[in-house]
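Engineer: The following block contains the structure, expressed as structure tokens.
The values are calculated or read from the model by the stated rules, or taken from the named source; none is laboratory data. Predicted model, so just to flag it, every value in this text is computed and none were measured. Using ideal geometry, Cβ is built from the backbone for each residue, glycine included, and neighbour counts are taken over all protein chains shown. Please note that ligands, DNA and RNA were not included when accessible areas were found on the heavy atoms of the full protein model with its side chains. Shrake-Rupley method; radii C 1.70, N 1.55, O 1.52, S 1.80 Å.
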Amino acid sequence: MKRQKKDGTVIDVSLSISPIRDDQGQITGIMGIHRDITERKKMEAEMQRLDGLNLIGQMAASIAHEIRNPMTTVHGFLQLLEAKPKLLEFKDYFQLMIEELDRCNSIITEFLSLSRNTPINLRMQNLNTIINKLLPMLQADALRNEQVIVAELEELPNLELNDQEIRQVILNLARNGLESMKAGGTLTIRTFLERDHIVITFCDQGSGISGRILESIGKPFLTTKENGTGLGLPVSYNIVYRHGGTIIIDTGSAGTTFFVRLPIKGQHLV
Ligand SMILES: Nc1ncnc2c1ncn2[C@@H]1O[C@H](COP(=O)(O)OP(=O)(O)O)[C@@H](O)[C@H]1O
Ligand SMILES: [Mg+2]
């Protein structure tokens, strides 16, 4: 059941009804108790999201396997043809084709890493350093659409991170922010310390995420974009979750902020 609170927010409630009896056991009234189960609902949604991530991992593993086999055959024949003296004039083409296949292979490897249960290559490092390295590329993306990125990075302690994976999270969330805005918009990336967490926020000036999308956000292949994959968020959720962190969304008609929290001490790596 859903109920609207006085302040207008809609909450999930469970209703239990029990009869009120007098001394003789006659029913004299009925008592109903509404319980706010919004938190429980949120938890259930979170569990479903994680189930979805599991599915994507399994799918990735089987697709990767199916794709790799024919690719290996093509790779082999290309190498064979490349070595033929008769085809010497096409050597450059063959090399390019082989390189492109190698690239596909490494994309598959990267994608497969998402189905693993433990983060690989954890290293003590600074989140700000990773962001600073990515900024020029993101600024170039922004500039192309006449948008601006502002970075406000406070001093942070080092953390055990897989920089490849964290890079992916930053790129995904920053790009989503840029894609949500028209020309002239500003995306603000902040980092700061909050008790025992490091927080990184991506604050855009887009038009927000509609309730319908928000309900399913993070599910694989959910996209509202013509050329979207719907994989950016599920992949990011997975990575942050495996670093022991959380992603929280605050959205409204003036824009959306994604909060990524990573624990400093006692990172439980899942
Ligand atoms: N900052 C944002 N502002 C508005 N909508 C967003 C934002 N980030 C994500 N979304 C919504 O979530 C969907 C899924 O995002 P994502 O998983 O990155 O896939 P994609 O970007 O390929 O569509 C997007 O299509 C969009 O509708
Ligand atoms: Mg995206």
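Engineer: Can you run down the residue pairs with Cβ atoms below 6 Å, 6 or more apart or on separate chains, where the first is in segment 153-174 and open to solvent by less than 40 Å² (accessible area, probe 1.4 Å) and the partner is within 16 Å of ligand 1 (Cβ to nearest atom) and among the basic types (Lys, Arg)?
Structural biologist: Going by the 6 Å Cβ cut-off, there are no qualifying pairs.
Engineer: Out of Gly228, Gly218, report the one residue that is within 13 Å of ligand 2 (Cβ to nearest atom), over 15 Å from Thr257 (Cβ atoms), surrounded by fewer than 18 Cβ atoms within 10 Å (Cβ to Cβ) and within 15 Å of the chain's Cα centre (by Cα). Step through it out loud before you land on a result.
Structural biologist: On the way: Gly218 fails: surrounded by fewer than 18 Cβ atoms within 10 Å (Cβ to Cβ).
Only one candidate qualifies: Gly228.
Engineer: Checking the structure you have, find out if any residue of segment 94-106 is open to solvent by 80 Å² or more (accessible area, probe 1.4 Å), aromatic (Phe, Trp, Tyr) and assigned to a helix (DSSP H, G or I).
Structural biologist: Within segment 94-106, not a single residue is open to solvent by 80 Å² or more (accessible area, probe 1.4 Å), aromatic (Phe, Trp, Tyr) and assigned to a helix (DSSP H, G or I).
Engineer: On to the next question. Going residue by residue through segment 18-34, is there one that turns out to be open to solvent by 90 Å² or more (accessible area, probe 1.4 Å), assigned to a strand (DSSP E or B), over 30 Å from Arg242 (Cβ atoms) and modelled with pLDDT under 70?
Structural biologist: No, segment 18-34 has no match at all.
Engineer: Scan Asn172, Asn227 and give me the residue that is under 24 Å from Ala142 (Cα atoms), in a helix (DSSP H, G or I) and either within 11 Å of ligand 1 (Cβ to nearest atom) or not assigned by TED's automatic domain parsing to the domain that holds Gly255 (or both).
Structural biologist: Numbers: Asn227 fails: in a helix (DSSP H, G or I).
So the residue among Asn172, Asn227 that is under 24 Å from Ala142 (Cα atoms), in a helix (DSSP H, G or I) and either within 11 Å of ligand 1 (Cβ to nearest atom) or not assigned by TED's automatic domain parsing to the domain that holds Gly255 (or both) is Asn172.
Engineer: Okay, next question. Which numbered condition trips up Val240, out of (1) near ligand 1 (Cβ under 8 Å from one of its atoms); (2) within 11 Å of the chain's Cα centre (by Cα); (3) modelled with pLDDT under 95?
Structural biologist: (1)
Engineer: Right, here's the next one. It is to be established whether one or more residues within segment 203-217 are outside any loop (DSSP other than H, G, I, E, B) and in contact with a helix residue (DSSP H, G or I) (Cβ under 7 Å, 6 or more places away or on another chain).
Structural biologist: Step one: filter segment 203-217 for residues outside any loop (DSSP other than H, G, I, E, B), giving 203, 211-216.
Among the residues that remain, those that are also in contact with a helix residue (DSSP H, G or I) (Cβ under 7 Å, 6 or more places away or on another chain) are: none.
Looking through segment 203-217, none of the residues is outside any loop (DSSP other than H, G, I, E, B) and in contact with a helix residue (DSSP H, G or I) (Cβ under 7 Å, 6 or more places away or on another chain).
Engineer: Condition check: near ligand 1 (Cβ under 9 Å from one of its atoms), among the hydrophobic types (A, V, I, L, M, F, W, C) and part of a loop (DSSP other than H, G, I, E, B). Does Phe258 satisfy that? Steps first, please.
Structural biologist: Working: near ligand 1 (Cβ under 9 Å from one of its atoms): yes; among the hydrophobic types (A, V, I, L, M, F, W, C): yes; part of a loop (DSSP other than H, G, I, E, B): no.
The answer is no for Phe258.
Engineer: All but one of (1) within 7 Å of ligand 1 (Cβ to nearest atom); (2) under 8 Å from the mean Cα position of the chain (by Cα) hold for Val235, so report the exception by its number.
Structural biologist: Just one mismatch for Val235, condition (1).
Engineer: A further question on this structure: Given the conditions (1) hydrophobic (A, V, I, L, M, F, W, C); (2) in a loop (DSSP other than H, G, I, E, B); (3) away from ligand 2 (no atom under 13 Å from the Cβ); (4) surrounded by 17 or more Cβ atoms within 10 Å (Cβ to Cβ), report the number of the one that Ala183 does not fulfil.
Structural biologist: Only one criterion is unmet by Ala183, namely (4).
Engineer: Quickly run through segment 170-206 and pick out the residues that are modelled with pLDDT under 95 and among the polar types (S, T, N, Q).
Structural biologist: The one that is modelled with pLDDT under 95 and among the polar types (S, T, N, Q): Asn172.
Engineer: Is one or more of the residues making up segment 118-127 at pLDDT 95 or above, in a helix (DSSP H, G or I) and surrounded by 20 or more Cβ atoms within 10 Å (Cβ to Cβ)?
Structural biologist: yes
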